[in-house]
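The structure appears below as structure tokens.
The values are calculated or read from the model by the stated rules, or taken from the named source; none is laboratory data. This is a predicted model, so every value here is computed, not measured. Every residue, glycine as well, gets a Cβ built from its backbone with ideal geometry; the counts of neighbours run over all protein chains shown. Surface accessibility is based on the protein's heavy atoms, side chains included, excluding ligands, DNA and RNA. Shrake-Rupley method; radii C 1.70, N 1.55, O 1.52, S 1.80 Å.
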Amino acid sequence: MSADIEHVKCLIIGSGPAGYTAAIYASRADLKPVMYTGLLAGGQLTQTTDVENYPGYPHGIMGPEMMENFRQQAERLGTDIRFGYVSSVDFSSLPHKVVVDERKTITADTVIISTGASAKWLGLDSEQKYSGFGVSACATCDGFFFKGEEVAIVGAGDTAAEEATYLAKLCKKVTMIVRRNEFRASKAMMHRVLNTPNIEILYNTETKEIMGDGQSVTGVTVINNVTNEETTIPVAGFFVAIGHHPNTEIFKGWIHMDETGYIKTTPGSTTTNIEGVFCCGDAQDHIYRQAVTAAGSGCMAAIDAERYLAAKEHVVTA
Ligand code: NDP
């Protein structure tokens with residue numbers, strides 16, 4: 001085989017909680033996994049601060065530190081972790097072919113996709129500046145830090161509606177910033193929002209700037225896109241819930257996906273429509289999107305890969 005082509009038993013693409021957990025299990029099952037981390041090694045959690053809802057950390061842990069722990073555990077158990085991004089794949093025949101950094105080709109008996117998803121952001125400088133310091137794209141993860149305080153959330157889809165009602169249980173008041181004069185969310189979710197007394201909805205309203213004192217968020221300036229009236233609302237937290245996009249572009253045309261790009265897996269497993277290709281974590285989950293659910297599905301993917309290889313070996317040797 002040429003120096004630029006390498007064969008592996010199990011290739012893991014992506015390095016969030018799903019990928020690292022798959023790596024831990026695959027290593028222990030002697031699949032000798034090779035992982036390519038992607039450009040954001042450690043995934044979305046490296047962009048958060050405190051994580052308090054991951055079991056096993058009684059005092060919470062910082063997201064980047066937690067992912068470093070995941071990495072060390074996977075490495076200690078034998079995963080070959082490499083920095084690099086997968087630029088294209090060819091799943092037309094076995095073994096699968098994967099190109100890394102547009103130059104190196106890997107052939108793999110099994111591929112575990114754990115490329116995750118990325119939150120959509122408004123694109124404001126102030127949003128970036130206070131990300132992790134009052135600005136968050138996950139109410140379930142960070143809502144707790146704003147207990148008893150006033151917060152704002154932007155978005156009008158099912159996620160925004162669900163997160164606004166979640167926040168309303170913890171926070172004194174939730175201001176929902178909706179850019180049109182109506183919701184996109186389902187009627188049922190919308191009714192829950194409308195029936196929650198401490199949620200105020202600002203329709204036809206867009207976010208102009210997130211205000212802060214250099215350390216944390218203190219308010220948000222919004223503008224009514226009909227009247228052009230500007231208002232600054234004092235808030236301690238600002239939640240962005242305008243959707244996520246799964247990082248699955250490179251698999252388009254090969255793997256079955258839903259209309260928004262989430263990879264379809266067989267319910268109750270991580271198998272995809274392609275033999276020997278498994279998918280776990282946020283790349284296939286637009287509902288739960290938690291580190292712990294991603295980790296759980298990473299474990300499933302490694303077990304599925306191991307059983308797939310064992311079954312193949314059995315057929316060959318039988
Ligand atoms: P959606 O794409 O459905 O909604 C995004 C929302 O954000 C829209 O209201 C959109 O406004 C708004 N938005 C987008 N860009 C901006 C911007 N720049 N400024 C202000 N607002 C913006 O994403 P969701 O994450 O809500 O949902 C994704 C999918 O997941 C959906 O299919 C949803 O049904 C599903 N889901 C289901 C749940 C459940 O069943 N429990 C829970 C959560 C999600 P506009 O309407 O004007 O375009």
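One table, with the values for the structure above:
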read-out	value
One residue from G148, G123, G157, G134 being within 11 Å of the ligand (Cβ to nearest atom) and modelled with pLDDT of 95 or more	G123
When residues of region 185-207 are limited to those that are within 24 Å of S131 (Cβ to Cβ) and within 11 Å of the ligand (Cβ to nearest atom), the one surrounded by the most Cβ atoms within 10 Å (Cβ to Cβ)	T205
From the options V98, V111, V154, V135, residue that is closer than 24 Å to T37 by Cα, surrounded by 19 or more Cβ atoms within 10 Å (Cβ to Cβ) and under 21 Å from the mean Cα position of the chain (by Cα)	V111
Selection from region 1-59 of residues that are of a type in the set (A, V, I, L, M) and modelled with pLDDT under 95	M1, A3, I5, L39, L40, A41, L45, V51
Selection count, region 216-230, where residues are surrounded by fewer than 20 Cβ atoms within 10 Å (Cβ to Cβ), in a strand (DSSP E or B), of a type in the set (V, I, T) and within 16 Å of the ligand (Cβ to nearest atom)	2
Whichever residue in region 243-263 is away from the ligand (no atom under 14 Å from the Cβ) and in a loop (DSSP other than H, G, I, E, B) and, among such residues, is nearest to A117 (Cα to Cα)	N247
Pairs, first of a type in the set (V, I, T) in region 158-171, second near the ligand (Cβ under 8 Å from one of its atoms) and assigned to a loop (DSSP other than H, G, I, E, B), C-beta under 7 Å, six or more apart	T159/A241; T159/G243
Residue match in region 238-253 (condition: basic (K, R), within 30 Å of G143 (Cα to Cα) and surrounded by fewer than 17 Cβ atoms within 10 Å (Cβ to Cβ))	no
Exclusive hit being open to solvent by 50 Å² or more (accessible area, probe 1.4 Å), away from the ligand (no atom under 16 Å from the Cβ) and touching a residue at least 60 places away in the same chain (Cβ under 8 Å), set E275, E313	E275
Residue satisfying all of: in region 32-42; surrounded by 23 or more Cβ atoms within 10 Å (Cβ to Cβ) and touching a helix residue (DSSP H, G or I) at 6+ places or on another chain (Cβ under 7 Å); farthest from E127 (Cα to Cα) among these	P33
Test result for R71, free of Cβ contacts under 8 Å to residues at least 12 places away in the same chain and either charged (D, E, K, R) or assigned by TED's automatic domain parsing to the domain that holds A22 (or both)	no
Odd one out for C299 among (1) assigned to a loop (DSSP other than H, G, I, E, B); (2) touching a helix residue (DSSP H, G or I) at 6+ places or on another chain (Cβ under 7 Å)	(1)
Hey, D50 in contact with a Phe, Trp or Tyr (Cβ under 9 Å, 6 or more places away or on another chain), open to solvent by less than 60 Å² (accessible area, probe 1.4 Å) and of a type outside the set (V, I, T) or not	no
